[in-house]
Structures are given as structure tokens and as C-alpha cells.
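Here the structure comes first, spelled out in C-alpha cells, and everything after it is commentary.
The values are calculated or read from the model by the stated rules, or taken from the named source; none is laboratory data. This is a predicted model, so every value here is computed, not measured. FYI the Cβ positions are ideal-geometry reconstructions off the backbone, even for glycines, and counts take in every protein chain you see.
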Amino acid sequence: MSNQTELLRQQPAPSQPHPAVRRDNTPSVYLIDGTSLLFRAYYGMHPRTSEDGLEVGAVVGMGQLLHGFLRRERASLCAVVFDAGQVTFRNRIDPRYKANRGDPPPDLEPQFPLAQQLVRALGFCVLSEADYEADDLMATAARLARAAGYPVRLVSPDKDLAQVVSDTWPEVVLQDPKSGDLLDSKGVHAKFGVPPEQIVEYMALVGDTTDNVLGVRGVGPKAARALINVFGTVDKIYQNLDRVAFIGVRGAKSLGKKLSAGHREAVLARQLVELDSYAPLDWPIDSLERHVCWHGPEKHADAFFARLRADYLLRNFRRLFAG
């Protein structure tokens, strides 16, 4: 960890919006999970080839999904966030992390750089950083946007981002990119049984099969919720193993033994599921709105979209930007 990052971590989180920003008319900064959009397009759209014979169906489909979302939301401040690769700092913590996923389909892999090209050609701010996942960058960008006085919408289906949600102004909400449904702090609690600030503790116990994070074997969602509601954190659970048998949940008498056996996995899972909100992201807080403001498709975009055989998509974005 760099000295600069350590100093940033020691700074208190903002409790008030920037003095030049009024709470009642401040636009939200939309942080859009571009990687998940690309995968959704790949599995939901028809294949198609570019003029030079390259498979580009997922890229064009992602552009269509992005256009549909922006047409509904009328977002003016936004950034599209991508994973930089399959290997991140979490693989050094645990080589098993996401080892269950395998490589992307061969016809999808070449479309990752094209997806970023498409988004940049459309005039959007793009975020991607080696060694970090899109979720880490979204958590970092959300922290910086809030420091500048802007509320945030995290547009992603990833439940890990529930830990970033906050009702404290400037608020952060999680938005499903398909349905548009919003998840605030109450919604997170209703869905998981714990508030956003305890999502990491909860997932440390139950794990995450999607990312091959094991958690504690034999501890399911009901038991995890009960444990977190009583003790608050994983550390306090392990400091009070002698009290676990009395928490008033089915199977409580055997929970202490399961927790004791799974202590290492719980600690490891917590490291893996906690997002790094201090990723090396160079965002100018003093001029954030100008930095993330969608300025419409670039003038040079015509050649790129002609190559994709998707001139119509570029026209749709230009009409959308024109209003």
C-alpha cells in the first residue's frame, strides 16, 4: 500500500455535501458495470460480425443495452466501469478465488477491448485498472463522488456492491440494470437481513459460490443473519463462541463447532468480499462534474461504428444526446 493511499484512508468520510451543491437538485453520478452489460449482451443477443469478419455481437448488444438504459434514466453524469482482467489482488490472497469460472468464451474474449473502444467513442468516461475488479473501482468512484457532493447510483447486478449502499447524504443506491429497481439501505436489509455496513460480515459467513468464496461450512443465511444481528461482526462472534449456542436459531447448539472449524475460511472470505474503496483512481474531485459529464459521441466515432456495421446505433446515441 502506498503512503498516499494510507493517508487517504485516514481522512474522515464526508458528512456534508460540497457547499456549492444544493441537495434538492443535485444530479446523481451513475456508475455502470460495463463488464456485466457485456456478458448480458453476449448471452442475450444474436451473433454478428464486423466488416473485417470479427465477432462483435456482444459489443453491439452492450451498446443497445446502454442506449436503452440512458433513454430511460436520462443520466448526464456517468462512467462505465470494466474489469481489467481475470487476475486481481484477490487471487494472491486466495488462488481459489473465481477458479470455478474458467476462461471467457473464445469469441467473447476479443470483444472486451472493443467494448471499451465503443464506450469511449460514444463519449463516456471509462474506468478500468489492472489488479482491481470493476466493483472496487465503483466503490472508489462512489466515495470520491460523495466527497464532491454527488449522490451515486451503482448500476450493476452484483450483490457485493450492497456493502456500498448508504442513506446518508450524498446517498448511494444500487440499481438493477435490467429492471431499474433501486435498492437503498432498507432494501438491502429486506433482501439480506442485515444492513449495508454488515454485508461483508454476513458474506464472510455464508460465502459466495459465484466467486468460489467458501465461507463457513454449514452456516447458511438464517444462521448468519442471527449471528450478525446478535454479535455484529465476525470478530465478535469468534470472541463469544461460548454464547453462540444460545442465540435462538435452529441448530444453534452445533454452530459453535462449525464456526470453530471454519475460522480460517471466515477470515479469508471477509478479505475477499470486502471491496477496496481506495483503488488507484485519479478522479478530480474539484471538477468531477466536467470529468464524468456525457458529452455525446466523438466526431471520429463514425469509422468505428461503420466497422461494426452498427451505424444505426451511433445515430441513436446522437439523437439521444441531442435531446
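Couple of notes before you dig in:
- Here residue 58 passes the criteria (1) modelled with pLDDT of 95 or more; (2) farther than 21 Å from residue 273 by Cβ; (3) in contact with a Gly (Cβ under 6 Å, 6 or more places away or on another chain) except the one numbered (3).
- Some residue of segment 70-84 being part of a helix (DSSP H, G or I), farther than 21 Å from residue 209 by Cα, under 20 Å from the mean Cα position of the chain (by Cα) and of a type in the set (S, T, N, Q): no
- Residue check, residue 60 part of a helix (DSSP H, G or I) and touching a residue at least 12 places away in the same chain (Cβ under 8 Å): yes
- Selection of segment 272-290 for residues being assigned to a helix (DSSP H, G or I) and either modelled with pLDDT of 95 or more or β-branched (Val, Ile, Thr) (or both) yields 272, 273, 285.
- Considering (1) surrounded by fewer than 21 Cβ atoms within 10 Å (Cβ to Cβ); (2) touching a residue at least 40 places away in the same chain (Cβ under 8 Å); (3) closer than 16 Å to residue 267 by Cβ, the lone condition that residue 180 does not fulfil carries the number (3).
- Pairs are defined by a Cβ separation below 8 Å, a sequence spacing of at least 6 or placement on different chains, a first member in segment 262-289 that is farther than 22 Å from residue 81 by Cα, and a second member that is assigned to a loop (DSSP other than H, G, I, E, B) and among the basic types (Lys, Arg); the pairs so defined are 262/217; 265/217.
- Verdict on residue 47 being out of contact with any helix residue (DSSP H, G or I) (no Cβ under 8 Å at 6 or more places or on another chain) and surrounded by fewer than 20 Cβ atoms within 10 Å (Cβ to Cβ): no
- Residues of segment 88-102 include none that is buried (at least 18 other Cβ atoms within 10 Å of the Cβ), outside the structural domain of residue 209 (by TED's automatic domain parsing) and within 30 Å of residue 310 (Cβ to Cβ).
- Some residue of segment 127-144 being of a type in the set (Lys, Arg), out of contact with any Pro (no Cβ under 8 Å at 6 or more places or on another chain) and either more than 19 Å from residue 25 (Cα to Cα) or surrounded by 22 or more Cβ atoms within 10 Å (Cβ to Cβ) (or both): yes
Residue-by-condition table, conditions (1) hydroxyl-bearing (Ser, Thr, Tyr); (2) more than 25 Å from the chain's Cα centre (by Cα); (3) not assigned by TED's automatic domain parsing to the domain that holds residue 205:
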{"position": "238", "(1), (2), (3)": "yes, yes, no"}
{"position": "255", "(1), (2), (3)": "no, yes, no"}
{"position": "261", "(1), (2), (3)": "no, yes, no"}
{"position": "286", "(1), (2), (3)": "no, no, yes"}
{"position": "293", "(1), (2), (3)": "no, no, yes"}
{"position": "303", "(1), (2), (3)": "no, yes, yes"}
{"position": "307", "(1), (2), (3)": "no, yes, yes"}
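- Total residues in segment 109-143, condition over 18 Å from residue 292 (Cα atoms), out of contact with any strand residue (DSSP E or B) (no Cβ under 8 Å at 6 or more places or on another chain) and in a loop (DSSP other than H, G, I, E, B): 2
- Of everything listed in (1) at positive phi; (2) touching a residue at least 60 places away in the same chain (Cβ under 8 Å); (3) small (Gly, Ala, Ser), the single unmet condition for residue 193 is (2).
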